[in-house]
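Shown next, in structure tokens, is the structure this report addresses.
The values are calculated or read from the model by the stated rules, or taken from the named source; none is laboratory data. The structure displayed is predicted, hence computed values, not measured ones. Here the Cβ positions follow ideal geometry from the backbone for every residue, glycine too, while neighbour counts run over all protein chains shown.
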Amino acid sequence: MRYFVLAPEVAGSLGNNTVMSRERHPPTVSRLHYEFDVWLGDDLLEAFPCFIVSQRLADKVARLKLSGASIDVVEVTLSEQYRDLYPDRRIPEFLWLKVSGAAGRDDFGTDVAGRLVVSEQVMELLKTMDVDHCSVIPVV
Amino acid sequence: MDFAKQIEYNRRLLVEDIFRRLEAALQPVVDALNDFFAVLFSARLPADWREQWHAFIAEQEAAGYRISPQTVREFKDWIEAWARYCELLPVAETQAVSPAPAATEQPPISRLTPPKPAETNRREEFFNQKLADAQGSLDEIKRLLDEFGGRLDAAKLDDTVDAEAEVDRCEALIWRYHDALESARDAWLRDDLSGEADARMAKLLSPSHFGLPRITDEQQDQRAMRQLMQMNARSHGRDKTMDRVVGGLEWTNVGLTGAGILVGGGILVTTVKTGGKWAVVKALTVAAAAAAAEQGVEAGMRAAGADEQTIRGARLAAAVIAFIIVRRRRGLESSNSKSQGDPRPLESTTGRTYSASLGTATTSDYRTTFFSAHPELKGKVIVHHAIPQKVIVRYPNVLTEAEIQSLENLRGIRKEINPELHLSKIAIEWNDFYRANPIATKAQLLQKATDIDLQFGAQFTPPTGG
């Protein structure tokens, strides 16, 4: 099985309503608020140490029963910068991709630096999505 | 003891280690070859597949790999045979006489899979030796920092202290440290060694404990990452403690991204290049030592058993060496860098060197602040923050809201130059910063803003970055 380290598009940052424990690094987030600053259109986004996915990608992740991640709600807001950039642009619904798997074992995992590591199966899925701004490094 | 057996055994270990290095060196070609075949066999071969094959070989040779003509021929024959077998040959070639049934033969690739000896204790000896080698490199680093620090301490104000040899030596030691660990990890993976062995490896200090860049070779880092992934995968389901051990290894390149803090943010370092070699003017590097202390140099030196005087000197030495390594790398990355071969002192922050700064805002409406200062830009630029507003969420109590919203922290990007692309790249820069810095000081945040201004400042309106 081959694995890939992904560096998804960073479309925003953790918002003020995020609840995060910084006792460990990467920090642990128990409530996620993602504030969009700029969005190039990808279905998979990051704001260290969290990942969010579009509803359509979340549906496929759930349907394929991929291991190492679950879907949860995320509060999404738009920053002033976002509204300056795209006065009329709305964003689709996004959900929190909570990654709990082990890198190199599960379909979704994170390495010790919190980078997303996915299986071939996930890569195949992502090829059907918009991930033009996601960098991919093959691992094995 | 059976010396002949021992010698043979040691010889085999060395050969295996050479194999591993060869495999690592050839991995880029293997990856490219895999990609080439994946594309080639994804559909019927194009009529010019032979030209494409030779173009691919030429590309690899241009990258520095020599591929023997015989190998090129053998692969070409195999491609043709395999395509014929899969009925993927170009239509024009399908009329040709079918070749011998060699079609199903595999390409002439021999996998370098070393045998597995039974004597696990001897395997552990090899592993232990590599850990000792890594520790030896760390010990040498410590001695080097101690000696160089002593020399810096002894230098008079405004003296120029040569640093080139120390930097070279330090870079080599960092590389050797990782090379030894790479061999150790390889042995651990190959011979399925114990979790206890890995725990001992994880307990080793690293160059970053001394305030030095953690790595100096990104390919080495990539290979280490692959090993870690494999170790991580194997450890699951075997030993719960392995998660902690593997998780204890650090990946963030804190040293390299953070070393730039020695310039800017009000901290002064003057390095000089004399006759193409790096040196340091001592008086100004004292400030650099203070910055290095923030990176935990003292903790690393204490853990390594250094006394207080050594720590003071080593702190200074590590700061200087880390700074020069990073500057040198940047020089290599940018062949037309103005510092290349420049015999003049590099500008300090008191001169023309740029450094981001913060002021104090009187309102939280940052766009009003910006357009009050630049009314002619209203409607023409997107205003963003050099240090993002949300660092307050990441690093509470480091900066104030008034500082974040101050004019000094605001940048404009013209709407007609596709600002979202630049803003997206800047967002990635900050994301990487958050990953690399569990905690951050005001100086580090300003240094990151300085780096980004220097990289993107020409796109800003008004331009920033000096």
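Quick notes on this one:
- Flag for A:His25 being more than 8 Å from every other protein chain (Cβ to nearest Cβ) and not polar (S, T, N, Q): no
- Those residues of region B:27-85 which are among the small types (Gly, Ala, Ser), closer than 30 Å to B:Ala224 by Cβ and modelled with pLDDT of 80 or more, in sequence order: B:Ala32, B:Ala62, B:Ala63, B:Gly64
- Considering residues of region A:30-59 that are surrounded by fewer than 18 Cβ atoms within 10 Å (Cβ to Cβ) and either touching a strand residue (DSSP E or B) at 6+ places or on another chain (Cβ under 6 Å) or outside any loop (DSSP other than H, G, I, E, B) (or both) only, the residue nearest to the other protein chains (Cβ to nearest Cβ): A:Leu40
- Condition met for A:Asp72 (touching a Phe, Trp or Tyr at 6+ places or on another chain (Cβ under 8 Å), within 11 Å of another protein chain (Cβ to nearest Cβ) and under 22 Å from B:Arg394 (Cβ atoms)): no
- Looking across region B:1-50, the residues that are of a type in the set (Gly, Ala, Ser) and out of contact with any helix residue (DSSP H, G or I) (no Cβ under 6 Å at 6 or more places or on another chain) come down to B:Ala4, B:Ala25, B:Ala32, B:Ala38, B:Ser42, B:Ala43, B:Ala47.
- One residue stands out in region A:78-96 among those that are under 16 Å from the mean Cα position of the chain (by Cα) and touching a residue at least 40 places away in the same chain (Cβ under 8 Å): the one that is nearest to the other protein chains (Cβ to nearest Cβ), namely A:Ile91.
- All told, B:Lys378 meets the bar of being basic (Lys, Arg) and either modelled with pLDDT under 90 or surrounded by fewer than 20 Cβ atoms within 10 Å (Cβ to Cβ) (or both).
- Residue count, region B:419-458 (criterion: within 14 Å of chain A (Cβ to nearest Cβ) and either in contact with a His (Cβ under 7 Å, 6 or more places away or on another chain) or more than 18 Å from B:Leu407 (Cα to Cα) (or both)): 23
- Qualifying residues in region B:29-60 (those that are exposed (fewer than 12 other Cβ atoms within 10 Å of the Cβ) and of a type in the set (Asp, Glu)) - the one farthest from B:Arg84 (Cα to Cα): B:Asp31
- Test: B:Val383 is facing chain A (nearest Cβ under 9 Å) and out of contact with any helix residue (DSSP H, G or I) (no Cβ under 9 Å at 6 or more places or on another chain): no
- Some residue of region B:393-404 being crowded, with 21+ Cβ neighbours inside 10 Å, farther than 24 Å from A:Val19 by Cβ and without any contact (Cβ under 8 Å) to a residue 60 or more places away in the chain: no
- Number of positions in region A:111-125 that are over 11 Å from A:Ser67 (Cα atoms), surrounded by fewer than 22 Cβ atoms within 10 Å (Cβ to Cβ) and more than 8 Å from chain B (Cβ to nearest Cβ): 4
- Failed item in (1) over 23 Å from B:Leu454 (Cα atoms); (2) part of a loop (DSSP other than H, G, I, E, B); (3) modelled with pLDDT of 90 or more, with B:Ser364 passing the rest: (3)
- Hits in region A:1-10 (condition: assigned to a loop (DSSP other than H, G, I, E, B) and more than 7 Å from chain B (Cβ to nearest Cβ)): A:Met1, A:Arg2, A:Pro8
- Residues (of a type outside the set (Gly, Ala, Ser), in contact with a strand residue (DSSP E or B) (Cβ under 6 Å, 6 or more places away or on another chain) and within 30 Å of A:Ser119 (Cα to Cα)) located in region A:63-86: A:Ile71, A:Asp72, A:Val74, A:Glu75, A:Val76
- Odd one out for B:Glu23, checked against (1) modelled with pLDDT of 85 or more; (2) within 32 Å of the chain's Cα centre (by Cα); (3) not polar (S, T, N, Q): (1)
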